[in-house]
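Below is one structure, written out as structure tokens; comments come after it.
The values are calculated or read from the model by the stated rules, or taken from the named source; none is laboratory data. This one's a predicted model, so the numbers in the text were calculated from it and none came from an experiment. As a convention, Cβ positions derive from the backbone with ideal geometry for all residues, glycine included, and neighbour counts pool all protein chains shown.
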């Protein structure tokens with residue numbers, strides 16, 4: 001059984017950068033991460049905004065994650081979501097009513113791919129923070145897809161305490177990935193190693209390790225091209241029936 005812990009950033013209205021990402025691994029891998037993480041934190045709970053200047057601690061936490069050999073999965077969108085999703089057929093905004101939904105589906109597709117390639121199709125339990133405002137919707141989406149036979153590998157969906165080391169690790173990743181993406185797209189900084197080498201230790205270590213990272217970053221042009229291509233086979237436009245509770 002594989003376990004995936006995910007978080008997101010930039011989901012507020014008007015954001016030009018949105019990222020959903022996390023890590024996936026076996027129970028033994030996560031146990032090792034949790035043990036080392038708790039030792040490093042010494043009873044504290046990780047919050048990047050509060051600990052961003054604690055360079056030594058950030059380096060130590062980044063090393064813990066990097067050495068665990070977890071799978072890294074990331075999806076992101078850079079641009080004006082409303083303008084982009086309305087640039088095609090009327091089906092597009094119906095199929096993807098939010099940027100978050102599109103990115104979540106991309107991540108789950110990558111999770112299943114990771115399981116098939118490296119773990120012989122091991123089932124996956126996906127966990128979000130219980131404070132995640134989009135988590136209830138993500139669960140509805142999962143149940144709808146499960147009922148139609150899609151996302152067969154995702155056998156469980158749950159909410160975890162944000163103080164869990166596993167979710168703190170996901171929080172660290174999404175914060176750094178979001179900041180890197182925003183610096184490039186919104187602030188015009190070049191996407192060179194210098195971007196993450198100067199300030200973002202986790203991204204730096206993951207990139208330097210050359211380990212597999214399943215990442216999908218979409219700008220407006222690429223998303224429009226992808227959806228137009230998929231219009232032909234209707235794959236992306238097959239929407240599950242998500243019924244509201246009465």
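Among residues of region 102-114 being within 14 Å of residue 212 (Cα to Cα) and crowded, with 18+ Cβ neighbours inside 10 Å, the one that is farthest from the chain's Cα centre (by Cα) is 114.
Look through 62, 138, 34 and report the one residue that is farther than 27 Å from residue 186 by Cβ, part of a helix (DSSP H, G or I) and touching a helix residue (DSSP H, G or I) at 6+ places or on another chain (Cβ under 9 Å).
Just a single option satisfies the conditions, and that option is 34.
Annotation note: Cβ proximity below 6 Å between a residue of region 98-115 that is closer than 14 Å to residue 145 by Cα and a residue that is at pLDDT below 90 and assigned to a helix (DSSP H, G or I) (sequence gap 6+ or interchain) occurs for 104/138.
Any residue at all in region 9-28 that's in a helix (DSSP H, G or I), surrounded by fewer than 22 Cβ atoms within 10 Å (Cβ to Cβ) and either touching a residue at least 24 places away in the same chain (Cβ under 8 Å) or out of contact with any strand residue (DSSP E or B) (no Cβ under 6 Å at 6 or more places or on another chain) (or both)?
Checking region 9-28: at least one residue is in a helix (DSSP H, G or I), surrounded by fewer than 22 Cβ atoms within 10 Å (Cβ to Cβ) and either touching a residue at least 24 places away in the same chain (Cβ under 8 Å) or out of contact with any strand residue (DSSP E or B) (no Cβ under 6 Å at 6 or more places or on another chain) (or both).
Scanning region 87-97 turns up no residue that is within 18 Å of the chain's Cα centre (by Cα), surrounded by fewer than 22 Cβ atoms within 10 Å (Cβ to Cβ) and modelled with pLDDT of 95 or more. Condition (residue is under 19 Å from residue 126 (Cα atoms), surrounded by fewer than 20 Cβ atoms within 10 Å (Cβ to Cβ) and touching a helix residue (DSSP H, G or I) at 6+ places or on another chain (Cβ under 7 Å)) applied to region 37-52: is it met by at least one residue? Checking region 37-52: not a single residue is under 19 Å from residue 126 (Cα atoms), surrounded by fewer than 20 Cβ atoms within 10 Å (Cβ to Cβ) and touching a helix residue (DSSP H, G or I) at 6+ places or on another chain (Cβ under 7 Å).
For region 65-84, taking the residues that are touching a residue at least 60 places away in the same chain (Cβ under 8 Å) and in a helix (DSSP H, G or I), the one that is surrounded by the fewest Cβ atoms within 10 Å (Cβ to Cβ) is identified as 83.
Reported count of residues in region 115-150, each being at positive phi and either within 16 Å of the chain's Cα centre (by Cα) or modelled with pLDDT of 90 or more (or both), is 2.
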